[in-house]
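Inspection log for the structure reproduced underneath, given as structure tokens.
All of the numbers you see were taken from the coordinates with simple rules; none came from a lab. Values in this document were obtained by computation on a predicted structure and should not be read as measured data. Neighbour counts run over all protein chains shown; Cβ positions are idealised from the backbone, glycine included.
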Amino acid sequence: MAVLIVEDLWCELPDWFSSRYQVIQEPSLCNELEKIRSAAPGIRALVVRNRTRVDRDLLNCLPNVKVIGRLGIGLDNIDLKACREREVVVVAAKGCNANSVAEYVIAGIFQHARFLSACDTLTRSGLWDRKNCMGHELHGKTLGVIGVGDIGQRLAIRARAFGMNVVAYDPYIANSHMLVQDFGVDLTSLEDVCRMSDYISVHVPLTTATHHLIGHPELSVMKETAVIINTSRGGIIDERALLSCLEQSPQRFAILDVREVEPPAPEDPFRLLPNVILTPHIAGVTHESSQRVAEFIFRDIDRVLSG
Ligand code: NAD
């Protein structure tokens, strides 16, 4: 049985898996339907990241596929209804990169509060400028978490360890008791989270309900010094609204790991703003998480294919 991997794996293929299956690694095949079709007859499993659009057209190219493995967690690039109709199982690496994303957000918050790389540049230039290298403490600041699932919970717990207050919005959260009682997270409305927070971090999946969840109304109630962090999906924040908010309020700041279009166009206006940090969708990508995600996905594919 053959397994086709059409995006980068970013780690070694587990030996136990390659000894059991014929694995075809074509990391740039992605949305090349005709090439996928020609590899198709024996393909029982397809492995993707977030760039491949798994829709009816792609499924039609793979008549024998039984399982789609998603190297990661967001399923917004996969037409789940079409997969269900074709009885194709979709497996995702739930929780496997959550520590990495939570640590990225903490790193971003520290980067904003203490800007060590800018201090390093100043100091290397020969200046000993203690006043302009003065940052902010996190202790006592408020972090707003929108979506308190695997990532949001890990982030909330880490932020509490730094002495931050944590307010959160998630109308569907299952274990709110643990977060409220054990970790002192204050669950409230979306508007309150936006109004009260010094740092606001988004951790909901992209669905029709969360598309542009953060737009003009939410941005307009945020503090004049608010920092908004998006590691979730670009479509959750209305980028045009965010752009004008950052242009009009230079004290506001954004850390954007994900964008509405990835990669963004060369003339991306966010590149020109001093009050943003931009990264190329790497919050969940570390050496540890890549290995964990791959192991998890290949185990699940093996379970499906071996019945
Ligand atoms: P999760 O499913 O564990 O948690 C999502 C949470 O969002 C749930 O608690 C759910 O109740 C909540 N939610 C759903 N709809 C909501 C709404 N309308 N309003 C408020 N809350 C809502 O998912 P997770 O593992 O925490 O991941 C969250 C998202 O992060 C993923 O869907 C993915 O898009 C993104 N992600 C990005 C990276 C990266 O590298 N940048 C890596 C991993 C995940």
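Details
- Top-ranked residue of the range 219-251 - restricted to ones that are of a type in the set (Val, Ile, Thr), farther than 20 Å from Ile73 by Cα and part of a loop (DSSP other than H, G, I, E, B), ranked as farthest from the ligand (Cβ to nearest atom): Thr225
- The one condition in (1) within 10 Å of the ligand (Cβ to nearest atom); (2) touching a residue at least 24 places away in the same chain (Cβ under 8 Å) that Ala174 fails to fulfil: (2)
- Annotation note: Cβ proximity below 7 Å between a residue of the range 106-124 that is without any contact (Cβ under 8 Å) to a residue 60 or more places away in the chain and a residue that is assigned to a helix (DSSP H, G or I) (sequence gap 6+ or interchain) occurs for Ile106/Arg158.
- Qualifying residue in the range 97-119 (condition: of a type in the set (D, E, K, R) and assigned to a loop (DSSP other than H, G, I, E, B)): no
- Arg44 being basic (Lys, Arg) and in contact with a strand residue (DSSP E or B) (Cβ under 9 Å, 6 or more places away or on another chain): yes
- Against the conditions (1) away from the ligand (no atom under 13 Å from the Cβ); (2) surrounded by 22 or more Cβ atoms within 10 Å (Cβ to Cβ), Ile255 satisfies every one except (1).
- Taken over the range 25-56, the residue count meeting the criterion of being touching a helix residue (DSSP H, G or I) at 6+ places or on another chain (Cβ under 6 Å) and either buried (at least 17 other Cβ atoms within 10 Å of the Cβ) or farther than 19 Å from Val89 by Cβ (or both) is 7.
- Cβ-Cβ distances below 7 Å connect the following pairs, each with a first residue in the range 281-301 that is closer than 24 Å to Val67 by Cβ and within 13 Å of the ligand (Cβ to nearest atom), a second residue that is among the polar types (S, T, N, Q) and part of a loop (DSSP other than H, G, I, E, B), and a separation of six or more residues or different chains: Gly284/Asn97; Ser289/Asn97; Val293/Asn97.
- Selection count, the range 177-205, where residues are touching a residue at least 40 places away in the same chain (Cβ under 8 Å) and buried (at least 16 other Cβ atoms within 10 Å of the Cβ): 13
- Residue satisfying all of: in the range 261-280; within 29 Å of Asn99 (Cβ to Cβ) and either touching a strand residue (DSSP E or B) at 6+ places or on another chain (Cβ under 8 Å) or hydroxyl-bearing (Ser, Thr, Tyr) (or both); nearest to the ligand (Cβ to nearest atom) among these: Thr279
- Subset tally (residues that are in a strand (DSSP E or B) and either more than 16 Å from the chain's Cα centre (by Cα) or free of Cβ contacts under 8 Å to residues at least 24 places away in the same chain (or both)) for the range 252-267: 1
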